[in-house]
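Note sheet for the following structure.
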Amino acid sequence: MKDYGEVREDLLAMLGELNERLGKITDDVKHSKEPPEKDFAEQAIEMENYEVLDHLGNAARMEINQIKQALERIEKGLYGECSVCGEPINEERLKALPYSDKCIRCAEKES
(Lines give C-alpha, C1' and ligand atoms only; values in the text may rest on other atoms or scores of the structure.)
Protein backbone atom coordinates (compact mmCIF):
# COMPACT_ATOMS: atom_id res chain seq x y z
CA MET A 1 0.00 0.00 0.00
CA LYS A 2 1.32 3.43 -0.96
CA ASP A 3 1.64 6.19 1.58
CA TYR A 4 -0.94 8.82 0.74
CA GLY A 5 -0.27 11.03 3.76
CA GLU A 6 0.19 14.18 1.68
CA VAL A 7 -2.93 13.43 -0.37
CA ARG A 8 -4.84 12.83 2.86
CA GLU A 9 -3.72 16.20 4.24
CA ASP A 10 -4.72 17.94 1.01
CA LEU A 11 -8.14 16.27 1.12
CA LEU A 12 -8.62 17.29 4.75
CA ALA A 13 -7.71 20.88 3.86
CA MET A 14 -10.22 20.84 1.01
CA LEU A 15 -12.82 19.42 3.37
CA GLY A 16 -12.21 22.21 5.87
CA GLU A 17 -12.54 24.89 3.18
CA LEU A 18 -15.75 23.36 1.84
CA ASN A 19 -17.27 23.07 5.30
CA GLU A 20 -16.45 26.72 5.95
CA ARG A 21 -17.97 27.75 2.60
CA LEU A 22 -21.07 25.68 3.28
CA GLY A 23 -21.42 27.32 6.69
CA LYS A 24 -21.31 30.78 5.12
CA ILE A 25 -23.91 29.77 2.53
CA THR A 26 -26.16 28.42 5.28
CA ASP A 27 -25.77 31.66 7.26
CA ASP A 28 -26.70 33.71 4.20
CA VAL A 29 -29.79 31.65 3.52
CA LYS A 30 -30.93 31.75 7.15
CA HIS A 31 -30.36 35.52 7.41
CA SER A 32 -28.33 34.96 10.54
CA LYS A 33 -26.61 38.34 10.15
CA GLU A 34 -29.44 40.51 8.82
CA PRO A 35 -33.22 40.32 8.50
CA PRO A 36 -34.85 39.57 5.13
CA GLU A 37 -35.78 42.48 2.87
CA LYS A 38 -39.28 43.91 3.15
CA ASP A 39 -39.40 45.40 -0.35
CA PHE A 40 -41.03 43.03 -2.88
CA ALA A 41 -38.48 43.75 -5.64
CA GLU A 42 -35.63 43.11 -3.23
CA GLN A 43 -37.30 39.88 -2.10
CA ALA A 44 -37.44 38.73 -5.74
CA ILE A 45 -33.73 39.39 -6.12
CA GLU A 46 -33.06 37.56 -2.86
CA MET A 47 -35.03 34.55 -4.12
CA GLU A 48 -32.82 34.42 -7.21
CA ASN A 49 -29.79 34.64 -4.95
CA TYR A 50 -31.15 31.78 -2.83
CA GLU A 51 -31.39 29.62 -5.93
CA VAL A 52 -27.74 30.28 -6.70
CA LEU A 53 -26.77 29.70 -3.07
CA ASP A 54 -28.79 26.48 -3.04
CA HIS A 55 -26.96 25.25 -6.12
CA LEU A 56 -23.58 26.18 -4.60
CA GLY A 57 -24.53 24.51 -1.32
CA ASN A 58 -25.58 21.31 -3.07
CA ALA A 59 -22.35 21.27 -5.09
CA ALA A 60 -20.33 21.75 -1.90
CA ARG A 61 -22.22 18.94 -0.14
CA MET A 62 -21.57 16.62 -3.08
CA GLU A 63 -17.86 17.47 -3.11
CA ILE A 64 -17.67 17.00 0.68
CA ASN A 65 -19.19 13.54 0.26
CA GLN A 66 -16.69 12.66 -2.48
CA ILE A 67 -13.79 13.80 -0.31
CA LYS A 68 -15.02 11.76 2.65
CA GLN A 69 -15.27 8.71 0.41
CA ALA A 70 -11.72 9.31 -0.84
CA LEU A 71 -10.48 9.50 2.76
CA GLU A 72 -12.22 6.19 3.47
CA ARG A 73 -10.54 4.64 0.41
CA ILE A 74 -7.16 5.81 1.73
CA GLU A 75 -7.89 4.18 5.10
CA LYS A 76 -8.98 0.93 3.41
CA GLY A 77 -6.00 0.88 1.05
CA LEU A 78 -8.20 1.31 -2.02
CA TYR A 79 -7.23 4.87 -2.96
CA GLY A 80 -6.08 5.24 -6.55
CA GLU A 81 -7.99 2.16 -7.67
CA CYS A 82 -10.98 2.50 -10.00
CA SER A 83 -14.19 1.56 -8.21
CA VAL A 84 -15.64 0.18 -11.45
CA CYS A 85 -12.91 -1.80 -13.22
CA GLY A 86 -10.32 -2.08 -10.42
CA GLU A 87 -7.51 -0.69 -12.58
CA PRO A 88 -5.18 2.00 -11.22
CA ILE A 89 -6.32 5.59 -11.69
CA ASN A 90 -3.76 7.67 -13.57
CA GLU A 91 -1.68 9.85 -11.22
CA GLU A 92 -2.35 12.95 -13.32
CA ARG A 93 -6.08 12.39 -12.91
CA LEU A 94 -5.66 12.04 -9.14
CA LYS A 95 -3.61 15.23 -9.02
CA ALA A 96 -6.34 17.10 -10.89
CA LEU A 97 -9.23 15.45 -9.04
CA PRO A 98 -7.85 13.89 -5.84
CA TYR A 99 -11.22 12.47 -4.79
CA SER A 100 -11.81 10.66 -8.07
CA ASP A 101 -12.87 7.04 -7.65
CA LYS A 102 -12.91 6.14 -11.34
CA CYS A 103 -10.30 5.91 -14.05
CA ILE A 104 -10.83 8.22 -17.00
CA ARG A 105 -12.18 5.41 -19.18
CA CYS A 106 -14.89 4.41 -16.69
CA ALA A 107 -15.72 8.05 -15.92
CA GLU A 108 -16.20 8.77 -19.63
CA LYS A 109 -18.54 5.77 -19.97
CA GLU A 110 -20.79 7.25 -17.26
CA SER A 111 -21.05 10.62 -19.02
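Quick notes on this structure:
- Restricting segment 80-104 to residues that are among the basic types (K, R) and either modelled with pLDDT of 95 or more or at positive phi (or both), the residue that is surrounded by the fewest Cβ atoms within 10 Å (Cβ to Cβ): R93
- The numbered conditions (1) farther than 18 Å from E20 by Cβ; (2) not in a loop (DSSP other than H, G, I, E, B) are all true for M62 except (1).
- Note on segment 30-63: residues that are modelled with pLDDT of 90 or more and β-branched (V, I, T) total 1.
This table checks each residue for (1) closer than 30 Å to R105 by Cβ; (2) out of contact with any Ser or Thr (no Cβ under 6 Å at 6 or more places or on another chain); (3) outside the structural domain of K109 (by TED's automatic domain parsing); (4) loosely packed, with under 14 Cβ neighbours inside 10 Å.
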{"site": "R8", "(1), (2), (3), (4)": "yes, yes, yes, no"}
{"site": "A13", "(1), (2), (3), (4)": "yes, yes, yes, yes"}
{"site": "G16", "(1), (2), (3), (4)": "no, yes, yes, yes"}
{"site": "E51", "(1), (2), (3), (4)": "no, yes, yes, yes"}
{"site": "H55", "(1), (2), (3), (4)": "yes, yes, yes, yes"}
{"site": "I67", "(1), (2), (3), (4)": "yes, yes, yes, no"}
{"site": "R73", "(1), (2), (3), (4)": "yes, yes, yes, no"}
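The values are calculated or read from the model by the stated rules, or taken from the named source; none is laboratory data. Computed from a predicted model, the values in this text were never measured in an experiment. Using ideal geometry, Cβ is built from the backbone for each residue, glycine included, and neighbour counts are taken over all protein chains shown.
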